[in-house]
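Heads up, the thing below is written out as structure tokens.
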Amino acid sequence: MGLRPGGGARRRRHRARREREGPVGRRGRSGDAFTTPPPGTAPRPLWQDGAALGALGAMDAPAVSGDVVMVSGDPLTGRSLTTGKRLRSREKAAVPGAKLLVAGGALYLASVRYDGDVVGLDPATGEETWRSGLGGKKYAQPRTIAVDERRVYVLAGILEADHGVEDDVIAALDISSGKVVRQERRDRGTQEFGITAAVSGRRLVHTDFRENVTVRDTATGRQVWTKKIGRSNGERIAVHGDLVVVADGGRLRAFALADGAERWSPAGDESYVRFHGPAVLDGVLHVSDPARVLRAVDPSTGRERRRDEELLEVAHPWQFVGAGGNLHAATELDPEGGILAFDARDGRLRRTYDDGTGALDKWYVAASGKRLVALRGKRLTALPAI
């Protein structure tokens with residue numbers, strides 16, 4: 001099924017905004033001159049505000065589009081990252097646990113009408129500018145799992161005659177037309193939940209709770225290969241060049257996107273180490289472990305470039321972003337954790353920001369330009385990336 005009546009006007013507004021704003025994060029903003037505090041001193045927050053109840057879940061609990069920051073929850077609220085001013089707030093705009101996927105200046109979500117549609121929202125106004133569906137009553141509970149500049153990738157259950165759901169499909173929706181480009185049934189027995197996905201060129205990569213890593217061709221939808229991994233990876237996969245890197249318990253494993261061949265997997269102590277949050281930033285793979293060691297790895301070869309054991313006094317990071325010339329990391333489930341800033345050149349810990357609450361809530365971090373936005377529990381904080 002394509003666009004609803006009136007969708008042509010929405011599609012034109014959607015395309016005009018995409019052309020006006022361009023790719024996410026490229027619009028310049030003034031007021032980015034911050035004073036760097038002395039070494040070891042945390043930066044002062046630029047602003048703080050409450051976050052919606054239920055702002056918990058995946059890596060993308062906070063998301064940034066240009067100068068607009070959003071947090072998954074109800075109501076779905078957009079704020080200026082520069083000033084913290086609330087630009088809009090919409091109740092029942094996002095289904096519970098929705099991933100906040102942004103591309104080309106639009107936020108893509110499953111429709112809260114539970115009608116099988118996927119919608120595109122203007123992050124600044126909350127206005128619906130785009131709508132597409134999978135067609136009729138054949139599918140249930142679509143969930144967006146990945147997006148690039150051309151397509152939105154959706155996972156949806158297949159409705160049986162008795163209204164049960166035993167199998168599911170992955171579909172690609174064209175952003176320009178709103179039409180379903182293709183849909184492919186997944187292998188029987190795979191689960192609908194626990195999907196972590198990324199797009200790289202003609203490859204859609206995803207993991208699931210059944211401990212699989214799978215690659216599909218974005219042009220045809222065909223499954224190229226799938227592999228079993230020893231433990232589920234519900235947090236992060238890292239794609240670099242022609243490789244996908246997964247944290248498989250006490251091992252880091254890199255597979256070729258083309259055929260699934262395992263390119264490298266350094267030996268590790270699987271009985272103790274469990275890697276967290278692999279992310280490639282500026283050509284370097286960053287990963288941590290519960291021993292509070294931060295590693296910098298060559299993503300092409302798996303060779304360790306640097307090992308930083310200065311984290312023994314703080315919690316281990318689980319999520320990384322790059323901004324302001326630094327590597328920033330969010331910690332999890334530790335009252336002494338926070339947002340850590342590392343020197344991108346030598347990996348040294350420069351400073352830690354903590355809100356002082358002593359809460360066990362996981363930290364989340366996102367970046368745009370020279371600003372960071374950090375989420376902990378129901379508190380949203382903007383920080384300079386210095």
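The values are calculated or read from the model by the stated rules, or taken from the named source; none is laboratory data. Quick caveat: nothing in here was measured; it's all calculated off a predicted structure. Here Cβ is always computed from backbone atoms with ideal geometry, including for glycine, and neighbour counts include all displayed protein chains.
You will find that of ALA61, ALA51, the residue that is under 25 Å from the mean Cα position of the chain (by Cα), surrounded by 12 or more Cβ atoms within 10 Å (Cβ to Cβ) and at pLDDT below 80 is ALA61 and no other.
The number of residues in the stretch 230-275 being of a type in the set (S, T, N, Q) and modelled with pLDDT of 80 or more comes to 1. Scanning for something in contact with a Gly (Cβ under 6 Å, 6 or more places away or on another chain), assigned to a strand (DSSP E or B) and over 29 Å from ALA52 (Cα atoms), does the stretch 341-349 turn up at least one residue? No - not one qualifying residue is present in the stretch 341-349.
Selection of the stretch 351-368 for residues being crowded, with 20+ Cβ neighbours inside 10 Å and over 17 Å from GLN319 (Cα atoms) yields an empty set. Scan the stretch 292-299 and tell me whether some residue there is in a loop (DSSP other than H, G, I, E, B), modelled with pLDDT under 75, of a type outside the set (Asp, Glu) and within 23 Å of the chain's Cα centre (by Cα). Looking through the stretch 292-299, none of the residues is in a loop (DSSP other than H, G, I, E, B), modelled with pLDDT under 75, of a type outside the set (Asp, Glu) and within 23 Å of the chain's Cα centre (by Cα).
Restricting attention to the stretch 325-340, which residues are assigned to a loop (DSSP other than H, G, I, E, B) and surrounded by 20 or more Cβ atoms within 10 Å (Cβ to Cβ)? Across the stretch 325-340, the qualifying residues are GLY337, GLY338. Within the stretch 82-103, one or more residues are over 21 Å from the mean Cα position of the chain (by Cα), surrounded by 17 or more Cβ atoms within 10 Å (Cβ to Cβ), of a type in the set (S, T, N, Q) and at pLDDT 90 or above.
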